[in-house]
Structure formats: structure tokens, C-alpha cells
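See below for the structure under consideration.
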Amino acid sequence: MPAVLAAVALSAAAQDQPAGQKTLKGAYEDYFPIGVSVGPRNLSGDESELILRQFAGLTAENVMKMGPIHPEEDRFNWEPADRIADFARGHGLKLRGHTLCWHNQTPGWLFVDEKGEEVPKAVLLARLKAHINAVAGRYKGRVYAWDVVNEVIDDNPEKFYRESPWYRICGEEFIAKAFEYAHEADPDALLFYNDYNAVDPEKRDKIHEMLKKLLDAGVPVHGMGIQGHWSVFEPNDANLRAAIEKYASLGLQVQITELDISIYPAEDQRRDPVPGENQTFTQELEQKQMEQYDMIFRVFRDYRKVITGVTFWNISDRRSWLDNFPVRGRKNYPLLFDKDLQPKKAFWKVVNFNRP
Ligand code: GLA
């Protein structure tokens, strides 16, 4: 069957799925692949069954980050990342790589020499090149898109770039270099800049300015990763649309790379719980979460021409990075499946929509 007809037949099949059996990947197969972040421990048992039923792609939650995968200058820890890459290949799932250059979860050796003194720019850039060459080179042909540079823009409106060791030692040049090294290591991979609060108008405009500068200089950047660590209180529809449009206006594709909808207001500083503050997933919050998921997926569908992927950050409310963060001991319920891996109300809103 010609590809076009096959696509029509598939989409009819997706539409015909009985409401109670709809899946994320089935409902969205004509829109964009929906993926999920995982660790090796998620690749067996009931979680792996859920992954295979619901999701079209994977991102390594931690094991491809610089620290975990490159703990010593001359030693790589490939095994956990290989398990994810093998699982993806074995089951025909798309694989995103995350992340080649970040200021967090970096290995201890990276910024210092054997005496413990900070290395000069030339050494740090050479290390970055060697790292990217090894990691992007190993997963060449398997990782279709890399988050190359993560979170270099400051949240503070008074500042532009984040004051990280990367920036202190190299200035802004490391950003362009990371993309160039990644492109050399795997010329076919799609290369993303990835950040949080990327829908917030002030930070959005700074990210846009940086991306424009990179693109004007001919740096190989292909996409903007909007992380999507949101809450039932933000973002709003208008800011979400404006951000997608602004990034797409640069000719970039857009992916939502780390989606979860916290039931609590946004905060990012670790703290202890305040006595009496709500820690319950009330019916009202369940309703709000459903409405928020409904709104953002409606927007994503409207921008299907520029959105080329949506990835959830963690599988279910059984475990999320938002448990204990930022409030110690506080449980969160940010995903579409509950702790028993059953679809939540928000799930049904996301998969049951009217096609245009
Ligand atoms: C950022 C990173 C992710 C992850 C989350 C928290 O968004 O990009 O890799 O560490 O923080 O889990």
C-alpha cells in the first residue's frame, strides 16, 4: 500500500478505537509521537507493559547525562544507557538523547585539573568535544534527536546567561561549540536547545534572542525543547501559544520535552513543608489538572505542524521527580497514570478529542 494510503488507513483505525481502549500513541499517531522518560528499572514488569501500550518514544531520565555516563575522564558507564537504547530499538520506539551539556549532574573531573584547579577554556572545550563525540557517536543512528545544551538562560530578568562553570570558563562560546560538536558526531541527529520556564514571556524572549544569534551565525540548531514542567496554575493558553509561535518563527521545530503538571504552585527552592499546607490530591485539584491537560493538548494539536514530539517526565504517579521536590516529604500527582498505572481523568480528556 502506498505510504499515504497506509497513513489514512492507520488514522481511521486510531479513530475507530473504542473510547475505553484509547492509548496516547494511538490517539496522537497523526499528530506527534508521545514519549516518556525512563530509567533502566522501568524496562520490566508492569511499567514496561504500560510503556509499550501507551508510548511511542523514550528519553533517558538520567543515565545519558554527563555525570552518570562519563564518571571519569577515561571511563564511560555505557551499560544503563545501552539498556534503554536496546529496549527502544527492540520495540521500535523513538529515542531522544538527554543531555550533552548541562551545569547539573556533571562529573567531578570535568572542570578541574589533577591539582583541583579550574581548567582553562581550551581544555574545557576539548573535554566537551571528546564527551560529545563519544556519546553522540555511540548512539548515532539510534538517538534521532539530542538535547544538546540544557538550561543556559538565567531566570533572573536582570541577567542573560546563567552563571555556570561553563559560562565562567568559556563565555557564551561553549553553546555554539556544543552544537557544532554534536553535528560533527552525528550529522543526522536533530539538535535541540532545551529549557524550563520557556513559556514565561521574559525568559522566552531571552531564549529566542540566543537562538536567533546562533542561527544567524550558522550554528546547527534544529529545535527548541520546551521542558513543560508546569502546574495546574500555569501556563495559560495565551502564553503557551505565543511561545510556540515565537520559537517556530525562527524556523525551528518545537518539542515538549519534559511534561508534567504539578498539583502545587510552581516553586524551585528546596524547603520543608509548612504545617497545615495541602498535600492531598483533592477532587478539586483533580478537576483542575484535567482542565490544564485538556487545554495544553488542545494547543499542542493546534500546532501539530511545528510540534514534532511530546515527552512526559516519568511514567506515572507511582514515582515522579516531583515527589520530595521542592518540598521535602511531599507527594505529587503530576502524570496521566495513577500509582497503580491506571489512567486518570486527565488521561481520558487528553485522548478523547474531536478531530478537525
Ligand atoms: C531538568 C532536566 C531533567 C531533569 C529535571 C528534573 O528539567 O533537564 O533532566 O533532571 O530537571 O528531573
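Okay, here's what the table says:
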| quantity | calculated |
| --- | --- |
| With all protein chains modelled, accessible area of D294 [1.4 Å, Å²] | 30 Å² |
| With every protein chain in place, the chain: carbon and sulfur % of accessible area (1.4 Å) | 50 percent |
| In Hz, Karplus ³J(HN,Hα) per residue of region 219-236 (6.51, -1.76, 1.60; θ = phi - 60°; x = Gly, Pro) | 6, x, 10, 10, x, 10, x, 8, 4, x, 7, 10, 9, 5, 9, 7, x, 9 |
| Charge tally in the Cβ shell below 13 Å around W109, where Lys, Arg are +1 and Asp, Glu are -1, W109 excluded | -4 |
| Binned Cα-Cα distance frequencies in the chain - 20 Å width, integer % | 29, 60, 11, 0 |
| Sequence-distant residues sharing a close amide H with F312 (under 5 Å, placed H) | G35, V36, S37, L259 |
| Candidate residues H131, H91: accessible-area rank, largest first, probe 1.4 Å | H91, H131 |
| Axial C-alpha extent at least 24 Å, average Kyte-Doolittle at least 0.0 - helices from the chain (DSSP) | 121-138 |
| Label-point separation, E173 to N156 (7 Å along Cα→Cβ), nm | 2.5 nm |
| Solvent-accessible area per residue, Å², over the chain with all protein chains present [probe radius 1.4 Å] | 44 Å² |
| Stokes-Einstein D in µm²/s, Kirkwood radius over Cα pairs - region 228-307 at 20 °C with 1.002 mPa s viscosity | 151 µm²/s |
| Violating pairs (Cα-Cα greater than 29 angstrom) within the set K140/K339; K94/K305; K94/K246; K121/K206; K94/K177; K25/K288 | K140/K339 |
| Extension gain, A238 back to D113 (0.36 nm per residue minus Cα-Cα distance, nm) | 40.2 nm |
| Among P33, L191, P220 the positive-end extreme of the charge dipole of the chain (Cβ point charges) | P33 |
| Residue-span extension gain [A130 to R271] - 0.36 nm each, minus C-alpha spacing | 47.0 nm |
| Computed label-point distance, nm, for sites R53 and R319 using a 7 Å Cα→Cβ extension | 2.0 nm |
| Stretchable slack from L341 to E209, in nm (0.36 nm times residue separation minus alpha-carbon distance) | 43.4 nm |
| Helix-derived mean residue ellipticity, 222 nm - over the chain, DSSP H n ≥ 4, -39500 (n - 2.57), to 500 | -11500 deg cm²/dmol |
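The values are calculated or read from the model by the stated rules, or taken from the named source; none is laboratory data. All figures in this text were calculated on a predicted structure; none of them were measured in a lab. Reconstructed Cβ throughout: ideal geometry from the backbone, glycine too, with neighbour counts over all protein chains shown. We work out accessible area using only protein heavy atoms, side chains counted, and drop any ligands, DNA or RNA first. Shrake-Rupley method; radii C 1.70, N 1.55, O 1.52, S 1.80 Å.
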